[in-house]
Every structure is written in structure tokens, then in C-alpha cells.
1. Please go through region 259-302 and pick out each residue that is at pLDDT below 90 and under 24 Å from the mean Cα position of the chain (by Cα).
2. Looking only at region 27-41, which residues are closer than 17 Å to residue 96 by Cβ and either surrounded by 14 or more Cβ atoms within 10 Å (Cβ to Cβ) or touching a Lys or Arg at 6+ places or on another chain (Cβ under 9 Å) (or both)?
3. Tell me whether region 70-93 contains one or more residues that are in a strand (DSSP E or B) and over 24 Å from the mean Cα position of the chain (by Cα).
4. Can you name every residue in region 51-86 that is in contact with a helix residue (DSSP H, G or I) (Cβ under 9 Å, 6 or more places away or on another chain) and of a type in the set (A, V, I, L, M)?
5. Take residue 79 and decide whether it is surrounded by fewer than 16 Cβ atoms within 10 Å (Cβ to Cβ) and of a type in the set (Ser, Thr, Tyr).
6. Just checking, does region 48-66 include any residue being of a type outside the set (S, T, N, Q), free of Cβ contacts under 8 Å to residues at least 24 places away in the same chain and surrounded by fewer than 16 Cβ atoms within 10 Å (Cβ to Cβ)?
7. Any residue at all in region 215-236 that is in a loop (DSSP other than H, G, I, E, B), without any contact (Cβ under 8 Å) to a residue 40 or more places away in the chain and crowded, with 16+ Cβ neighbours inside 10 Å?
Amino acid sequence: MSKVKPSPLPPGTMIGGYRVVRRVAAGGFGVVYQASGADGQQVAIKEYLPTTLTSREPGALTPQVEPEKLSLYRLGLKSFFEEGRSLAQISHPAVVSVMNFFRENETVYMVMNYLEGASLQDFIVLARDLKQPKVFRESTIRSLFEEVLRGLRIVHQHKMLHLDIKPANIFITNDDRAVLIDFGAAREVLSKEGNFIRPMYTPGFAAPEMYRRDSTMGPWTDIYAIGACMFACMHGYPPSEAPQRKVEDPLAQSLKRLQGVYSDNLVEVVQWCMAMDPLKRPQSVFALQKELNNPGERRYTRLSVGDKVRLQIGSVVSGSQKSGLKATEPYRS
């Protein structure tokens with residue numbers, strides 16, 4: 001029997017001087033609420049509430065944690081609190097703005113500016129369903145990730161990593177800003193310390209080193225995810241997850257299918273970012289920015305009819321043999 005998820009705070013609940021308006025989103029590590037301050041300002045509040053470690057009855061305020069899970073819960077709570085403190089020091093339009101963070105109800109709350117718009121994931125699904133040759137135009141992809149990378153570079157300069165970059169965590173606001181949201185520091189700490197059955201990363205966007213407890217994370221880990229997000233913007237679906245790529249890597253074939261649709265330079269950048277060996281990826285956001293903004297000639301490789309047929313046949317065979325391939329499934333948050 002599966003564990004019941006802890007209940008979110010009901011509308012009208014007061015926390016830290018804010019009144020909860022509604023639940024906006026929920027994941028494995030927390031719940032995000034829309035709330036209003038005393039002055040009527042709308043904010044987003046993220047509550048640390050890991051579903052694998054806590055329970056909470058409807059209407060209750062304090063999460064219940066079993067004694068054997070308490071030390072792990074506190075470890076994640078400490079990481080979540082430190083993440084809020086670090087993010088509060090960053091002021092950049094492409095990084096979610098943390099206005100306040102506080103302890104209450106034996107957990108931690110992070111108060112952020114309330115954003116209106118939709119996630120990049122929503123836009124990808126919408127654009128993909130139009131069934132155009134290009135999911136997004138190349139100029140759109142370049143300008144979007146130029147903005148995202150400016151924010152990520154500031155994050156890395158503050159000695160932080162995002163660790164959960166994916167289209168669902170790139171928010172496009174109504175005033176056309178791209179904003180990185182939902183950092184994964186607490187998630188990463190718990191995944192390294194706890195014995196969890198379910199994966200604590202997003203298949204297709206998580207770098208191979210995230211699947212190992214003894215690996216070293218760095219800017220290259222976030223850069224892998226950036227490459228995977230660009231791939232999703234080009235292909236319409238997430239790439240295959242890293243463990244599968246170690247067995248049989250369909251990435252090269254998928255990227256070749258995009259030649260002629262997108263410039264060779266952009267295809268090569270994605271391939272570079274998504275190298276399985278961390279040392280073969282860009283080692284800094286600056287190195288990636290330099291290549292992505294390269295004003296050199298945009299070359300396009302035109303596939304022959306034979307190449308297109310062979311790629312199509314390979315795609316059909318691969319799909320029939322691996323019906324569970326993540327790259328052919330809808331997005332999951």
C-alpha cells in the first residue's frame with residue numbers, strides 16, 4: 001500500500017504573517033502556495049515537506065516525522081534553509097527572488113516573488129502538438145538560453161548549484177522573462193544520505209554523475225541539464241536518461257535527425273553539453289555562453305533522402321524494441 005502524501009495547508013492559514021490563498025504546486029520535497037502579505041502583496045511560499053519523510057493530516061500545521069527518519073528530515077531541512085539564505089543574496093532577473101525565509105510549524109518556509117506565466121515545459125508541449133518542422137525557432141532557443149545562462153552564471157559565482165534544471169523549472173513570465181525556479185539542494189542532500197527507492201532526479205535531465213553517491217557535482221552537472229533542455233526545445237521530448245545512454249546511446253541519432261532543421265553549431269553545443277564524461281562538457285557557464293553566442297557562420301547539414309530514410313527506420317525499430325523509452329513519453333514534473 002502506497003504512503004499517503006502529507007496534506008497541504010488549507011486556504012486561509014496564517015504562516016509568518018502571510019495568509020495562504022491556494023496551493024500552486026506540489027512535488028516530492030515541498031509544496032508551493034500563493035499567499036498574500038499584510039499589505040496585500042502576492043507572494044509564493046515554498047514549504048519544506050518531503051513526502052518520503054513526513055505525513056500530515058488535513059487541517060494540521062505541523063508535519064509528523066517518524067523517529068527513525070527524524071535525523072534525515074533535519075538534514076534536508078538544514079539544507080533547505082541554507083539554500084534560502086544563499087538565494088536571498090542573489091539579485092538577478094533570471095533567478096527566482098527569495099524575499100524572506102523563516103522557521104515555523106517545525107519546518108521551513110521560503111518566501112519568493114510571485115510569478116505569473118507558464119513553464120518552459122508547458123510551452124514545449126504546446127509547440128510540439130502543433131507538429132511543425134521546428135518545435136522552437138533557433139533564434140528563440142538561443143535568446144532563451146542566453147538569458148537563463150546569465151542567471152545560472154550568477155548562481156555558480158555564489159558557489160551554488162541548481163541541480164534540478166529542467167523545462168518545468170524554467171518559468172516564462174507574462175512580461176517575457178525566463179526565470180530559474182525550484183533549486184534542488186535539499187533534494188540532492190537527501191538523495192546522497194537516504195536510502196530512497198524512488199529516484200530523486202528528473203530522468204532525461206539529470207547528469208550521469210547524479211546517479212552515483214560518490215560522484216563530484218559541479219557547474220558541469222547543471223550544464224548537462226541545460227543541454228538536455230535545449231534538446232527538448234528542439235526535439236519536443238526529453239532525451240533518454242543517463243543510465244540508458246550508457247548501455248545504448250540514441251542521442252547521436254536523435255541529434256543527427258535535427259541536422260538541417262537547426263544549425264550544426266547548435267546541434268554540436270547540445271552534444272557537447274550532454275557528454276557522458278563530465279570532463280568533456282563545458283566546465284563553466286562562461287565557456288558555454290562563449291560558444292552559444294559565437295557570431296560565426298551558421299552551417300546547416302542537409303540530409304540526403306537515404307539518410308532520412310535510414311534515420312526514420314532506426315527510429316521505428318528503436319521505438320518498437322523499447323516501448324518504455326523516456327524520450328517518447330510525455331513530460332513528468
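The values are calculated or read from the model by the stated rules, or taken from the named source; none is laboratory data. Everything numeric in this text was worked out from a predicted model, so none of it was measured. Quick reminder, even Gly has a Cβ in these numbers, built from the backbone with ideal geometry, and neighbours come from all protein chains shown.
1. 293
2. Applying the first criterion (closer than 17 Å to residue 96 by Cβ) to region 27-41 yields 27, 29-35, 41.
Of everything in region 27-41, those that are closer than 17 Å to residue 96 by Cβ and either surrounded by 14 or more Cβ atoms within 10 Å (Cβ to Cβ) or touching a Lys or Arg at 6+ places or on another chain (Cβ under 9 Å) (or both) turn out to be 27, 29, 30, 31, 32, 33, 34, 35.
3. no
4. Correct list: 53, 65, 72, 75, 77.
5. Numbers: surrounded by fewer than 16 Cβ atoms within 10 Å (Cβ to Cβ): no; of a type in the set (Ser, Thr, Tyr): yes.
So residue 79 does not fit the description; no.
6. yes
7. Looking through region 215-236, none of the residues is in a loop (DSSP other than H, G, I, E, B), without any contact (Cβ under 8 Å) to a residue 40 or more places away in the chain and crowded, with 16+ Cβ neighbours inside 10 Å.
Yes or no, residue by residue, for (1) modelled with pLDDT of 95 or more; (2) assigned by TED's automatic domain parsing to the domain that holds residue 169; (3) over 24 Å from residue 183 (Cβ atoms); (4) assigned to a loop (DSSP other than H, G, I, E, B):
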{"residue": "5", "(1), (2), (3), (4)": "no, no, no, yes"}
{"residue": "9", "(1), (2), (3), (4)": "yes, no, no, yes"}
{"residue": "21", "(1), (2), (3), (4)": "yes, no, no, no"}
{"residue": "24", "(1), (2), (3), (4)": "no, no, no, no"}
{"residue": "28", "(1), (2), (3), (4)": "no, no, no, yes"}
{"residue": "31", "(1), (2), (3), (4)": "no, no, no, no"}
{"residue": "34", "(1), (2), (3), (4)": "yes, no, no, no"}
{"residue": "44", "(1), (2), (3), (4)": "yes, no, no, no"}
{"residue": "51", "(1), (2), (3), (4)": "no, no, no, yes"}
